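Asks: Would you mind keeping the following structure in view while I ask a few things?
The values are calculated or read from the model by the stated rules, or taken from the named source; none is laboratory data. It should be emphasised that the depicted structure is a prediction, and the values quoted were computed from it without experimental measurement. Using ideal geometry, Cβ is built from the backbone for each residue, glycine included, and neighbour counts are taken over all protein chains shown. Ligands, DNA and RNA are stripped out before the accessible areas are found, and what is left, the full protein with its side chains, is counted by its heavy atoms. Shrake-Rupley method; radii C 1.70, N 1.55, O 1.52, S 1.80 Å.
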Amino acid sequence: MSSTIEQNSPTTVMQERLDQFQARIDADEKIEPKDWMPEEYRKTVLRQMSQHAHSEVIGMQPEGNWILRAPCLRAKKILLAKIQDEGGHGLYLYSAAETLGTGREALIESLHNGKAKYSSIFNYPTLNWADIGAIGWLVDGAAIVNQVSLQRTSYGPYARAMVRICKEESFHQRQGYEIMTTMMRGNSAQKEMAQDAMNRWWWPALMMFGPHDKDSAHTQQSMQWRIKRESNDVLRQRFIDKTIDQAHLIGLTIPDEQLKYNEDTKHWDIGPINWDEFWQVVGGHGLCNEQRMKHHIRAHQDGQWVREAANAFAQKQISFN
Amino acid sequence: METQQALYQYAVRLGDNSLIMAQRLAEWCSNGPILEEDLALTNAALDYLGEAENYYNYALSLEPDGRTADDLAYLRNERQYYNCLLAEQPNGDYAQTMVKLALFSAYLKLLYDALSQSTDTNLSALASKSLKEVKYHFRHSSEWMIRFGHGTEESKSRAQQAIYELWRFTSDMFETTAADATLKGIVPDPASIQSEWNSVINDLLSRCGLKKPEDPYQVKGGYQAKHTEHLGHILCELQFLQRAYPGAKW
Ligand SMILES: [Fe+2]
Ligand SMILES: [Fe+2]
């Protein structure tokens, strides 16, 4: 029968696999490392996990910038613990990425040669102590909205990493908001620092969700494969709505003259986002892009002999205790 | 010197040792050779920070004058910190930090072990709590020293260099102060801790295939608040906000 030949042709087999794959996605099944998956799905998930892992790690730099200068013992302990969590998130995510066959060393190499990205938010500098508050409250706050949504992402290891990470993230946002609250209750210099941090971090935090849906290249396919569960604009609006009240509660002004509550939609409408700035920073021309990469490359190179020594020693298998 | 005053000074010194070590270890954040080590050192910094706070609070409970642990940590001048010279030395490369941590935590391990038997129940409770942490720091750092000693030519020479570099600051940890003399019977004799420390370190060095410097000269002064120039710079960063905005609450 002619139909047999047709059914067995490579394109038909591929289409069947794709259909089956999509059916599993539609049934909300998790895709596991050994399962068949379209090459494009593998690439997209790997790119996203790698970018996420690098973001956790590069994010240690702007916050680490204030560890030595943290203003009291309690604040120093909290900040150290917070940054340590972020490094831990990096580890979970590198492991999750490894399930798709790419190891940490290769991911770091891609970061260093510019093929892999990290969140642009970390290319902004931390200029005063309130920036540490603003990062926890706004940057982690924005990340949480995204990560809560990603707990239901279709790739199993990524979803499970997100569940673990989300448990720790709410502490990050709380400690950030607490710093802002304390500073807004403090002296005039502290209030000024807090508002200054707010002014500098608000818009970049909104940009973390990525371009508007109509301009987002990857969104549609990612949504169909349920790698992404909700669109950039939906997530951004959720963040805006929950954050504005928090800002007002402690007396911070949102640096947006067009900000207005919309009675019809029951959402806050914001003024236009400066996408030129966004693309400029994504393109490598933010204040700290160079610095962040050089720092990471230098630390990695400085550690080369340590890793070599550890490997050499492991191979010699000298026992000690 | 009265016992109470001696205990105060002794507790502040313990706090200072931990605080300055914490500040140095925290410098490794985002600079570690692998992410796991970055986290391990941040964790050790957190341990020492917690210890410092506990010892300061104990000191203040002995002589309550309205000051807080933060005041002790942040609002003294260079000549009022009583940490050992080793703690304030720069991190150097990873070998130097690991050697420094091993020399330092071996000392604290023996000291806290002895202090956990102290008749001063507060001090003994704090020491037993810290003991678990410093035991781990010693294990972690000495394992790295062994890896370096038997890893590559480069790692061995870096570790050896670190020992040569830091050795002169080691006796300083065991200096006897007036407080030690007053607290005889309550706190361990520094000389006996030093001799135990010598055998622990000799054993470690021989397991690493590393050696002490031929010229065993020593510099001292930490417990008299006579420091190397490094401490002032550590304090500049540590104290910046407290000094810039006096009286502000954080
Ligand atoms: Fe994180
Ligand atoms: Fe976080």
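Asks: Starting from the eigenvalues of the Cα gyration tensor, five times each then square-rooted, give me the equivalent ellipsoid semi-axes of chain A, largest first, whole Å.
Replies: 37, 29, 17
Asks: Further, regarding this structure: Comparing the chain by itself with all protein chains present, which residues of region A:27-60 are at least 10 Å² less accessible (probe 1.4 Å)?
Replies: Going by heavy-atom accessible area, the residues of region A:27-60 that drop by at least 10 Å² are A:V57, A:M60.
Asks: Any idea what the dipole of chain A comes to, in debye rounded to 20, about its Cα centre with Lys/Arg Cβ at +1 and Asp/Glu Cβ at -1?
Replies: 1060
Asks: Given a cut-off of 37 Å, what percent of all Cα-Cα pairs of the protein assembly as shown lie beyond it?
Replies: Of all Cα-Cα pairs in the protein assembly as shown, 42 percent lie more than 37 Å apart.
Asks: Sticking with the crude label model, points 7 Å out along Cα→Cβ, report the distance from A:R152 to B:D189 in nm, one decimal please.
Replies: Those two pseudo-labels are separated by 7.1 nm.
Asks: Taking the Cα centre of the protein assembly as shown as origin, sum charge times position over the Cβ atoms of Lys and Arg (+1) and Asp and Glu (-1), and report the length of that vector in debye to the nearest 20.
Replies: Computed charge dipole of the protein assembly as shown: roughly 560 debye.
Asks: Consider all pairwise Cα distances in region A:169-317 and report the whole-number % of them above 24 Å. Numbers along the way, then the final one.
Replies: Details: 6055 of 11026 pairs.
Distances greater than 24 Å cover 55 percent of the Cα pairs.
Asks: Oh, and also: Relative to the isolated chain, which residues of region A:179-203 have their accessible area cut by 50 Å² or more in the presence of all protein chains (1.4 Å probe, heavy atoms, no ligands or nucleic acids)?
Replies: Hits at the 50 Å² cut-off: A:Q190.
Asks: Go ahead and run the numbers for FRET between B:E36 and A:D35, Cβ-Cβ distance against an R0 of 30 Å, rounding to 0.05. Walk me through the numbers before you get to the answer.
Replies: Numbers: r = 30 Å, r/R0 = 0.99.
So, using R0 = 30 Å, E works out to roughly 0.50.
Asks: I would also like to ask the following. Please give the helix B:190-208 orientation as an angle from the longest Cα principal axis of chain B, in degrees from 0 to 90, rounded to the nearest 10.
Replies: 30
Asks: Ok, one more. Which of the lysines could a cross-linker span from A:K266 if the Cα-Cα distance has to be under 17 Å and same-chain partners fewer than 8 positions apart are dropped?
Replies: Candidates past the 8-residue exclusion: A:K242.
Asks: Provide the net charge surrounding A:S50, with neighbours chosen by a C-beta distance below 13 Å and charges set as Lys +1, Arg +1, Asp -1, Glu -1.
Replies: Around A:S50, the surrounding residues sum to +2.
Asks: Something else: Whole number in Å², please: accessible area per residue of chain A, 1.4 Å probe, ligands, DNA and RNA not counted.
Replies: Result: 48 Å² per residue.
Asks: Would you mind counting up the charge near A:V139? Only other residues with Cβ under 14 Å from its Cβ, with Lys and Arg at +1 and Asp and Glu at -1.
Replies: With Lys, Arg at +1 and Asp, Glu at -1, the net is -3.
Asks: For a 29 Å ceiling on Cα separation, which of these pairs sit above it: A:K82/B:K226; A:K115/A:K191; B:K109/B:K211? Walk me through the numbers on the way to the answer.
Replies: Values: A:K82/B:K226 35 Å; A:K115/A:K191 41 Å; B:K109/B:K211 22 Å.
With Cα atoms farther than 29 Å apart: A:K82/B:K226; A:K115/A:K191.
Asks: Looking at the P(r) of region A:126-218, how many percent of alpha-carbon pairs lie beyond 23 Å?
Replies: Across region A:126-218, Cα pairs with separations above 23 Å total 35 percent.
Asks: Run a plain Debye calculation on region A:1-155 (Cα atoms as equal point scatterers, no solvent) and give log10 I(q)/I(0) at q = 0.09, 0.13, 0.19, 0.21 Å⁻¹, rounded to two decimals, same order as the q list.
Replies: -0.42, -0.73, -1.18, -1.32
Asks: Let me ask you something else. So, taking all protein chains as they sit and a 1.4 Å probe, how much accessible area belongs to A:S95, in Å² rounded to tens?
Replies: Approximately 70 Å² of A:S95 is accessible to the 1.4 Å probe.
Asks: Taking the dipole about the Cα centre of region B:6-112, with the C-beta of Lys and Arg at +1 and of Asp and Glu at -1, give me whichever of B:Y82, B:S105, B:Y48 is farthest to the positive side.
Replies: With unit charges placed on the Cβ atoms, the residue in question is B:Y82.
Asks: Roughly how much of B:K132 is accessible, in Å² to the nearest 10, using a 1.4 Å probe?
Replies: Using a 1.4 Å probe on the heavy atoms, I get roughly 150 Å².
Asks: Another one. Using only protein heavy atoms and a 1.4 angstrom probe, determine the accessible area buried between A and B, summed over both sides, in Å² to the nearest 100.
Replies: When A and B are taken together, about 4200 Å² of accessible area is lost.
Asks: If r is the Cβ-Cβ distance from A:Q301 to A:L127 and R0 is 35 Å, what FRET efficiency results, to the nearest 0.05?
Replies: 0.80
Asks: So for the pair B:R67, A:D213, with labels modelled 7 Å out along Cα→Cβ, what separation do we get in nm?
Replies: 6.1
Asks: Kindly report, to the nearest 10 Å², the accessible surface of A:R164 as traced by a 1.4 Å probe over protein heavy atoms only.
Replies: That residue has around 130 Å² of solvent-accessible surface.
Asks: Which one of A:T12, B:L204, A:Q175 is farthest out on the positive end of the charge dipole of the protein assembly as shown, using unit charges on Cβ (Lys, Arg +1; Asp, Glu -1) and the Cα centre as origin?
Replies: Checking the options against the dipole of the protein assembly as shown, the answer is B:L204.
Asks: In whole percent, and with a 1.4 Å probe on the protein chains, what portion of the accessible area of the protein assembly as shown is carbon and sulfur?
Replies: For the protein assembly as shown, the apolar C and S fraction of the accessible surface comes to 50 percent.
Asks: Here's a follow-up. I'd like the mean, over residues of A:76-85, of how many other protein chain beta carbons sit within 10 Å of each residue's own Cβ. Present the calculation step by step, with values, prior to reporting the outcome.
Replies: Numbers: counts 12, 6, 1, 2, 9, 4, 0, 6, 9, 1.
Mean number of neighbouring Cβ atoms from other chains: 5.
Asks: Just want the answer: with Cβ charges of +1 for Lys and Arg and -1 for Asp and Glu, which residue in A:N289, B:G151, A:T99 is farthest toward the dipole's positive end in the protein assembly as shown?
Replies: B:G151
Asks: Evaluate peptide B:31-44: per residue, the Cβ atoms of other protein chains within 10 Å of its Cβ; return the mean as an integer.
Replies: Across the residues of B:31-44, the mean count of other-chain Cβ atoms within 10 Å is 6.
Asks: Using alpha-carbon pairs under 8 Å, 6+ residues apart, how would you state the relative contact order of chain A in percent?
Replies: On the way: 332 pairs, mean separation 56.2, N = 321.
Relative contact order, chain A: 18 percent.
Asks: Right, another one. So with the 1.4 Å probe, I'd like the accessible area per residue for region B:61-100, rounded to whole Å².
Replies: 37
Asks: Identify all lysines with a Cα-Cα distance to A:K316 below 16 Å; exclude those on the same chain that are fewer than 8 residues away in sequence.
Replies: B:K156
Asks: What number do you get for region B:3-244 when its Cα radius of gyration is normalised by 2.2 N^0.38 Å, N = residues?
Replies: In units of the 2.2 N^0.38 Å rule of thumb, it is 0.97.
Asks: So how strong a dipole does region B:3-244 carry about its Cα centre when Lys and Arg Cβ are +1 and Asp and Glu Cβ are -1, to the nearest 20 debye? Write out the running numbers ahead of the final one.
Replies: On the way: 22 positive and 32 negative charges, 70 e Å.
In debye, rounded to 20, region B:3-244 gives about 340.
Asks: With a 1.4 Å probe and all protein chains kept in place, how do B:T121, A:T243 rank by accessible area, largest first?
Replies: The residues order as B:T121, A:T243, largest area first.
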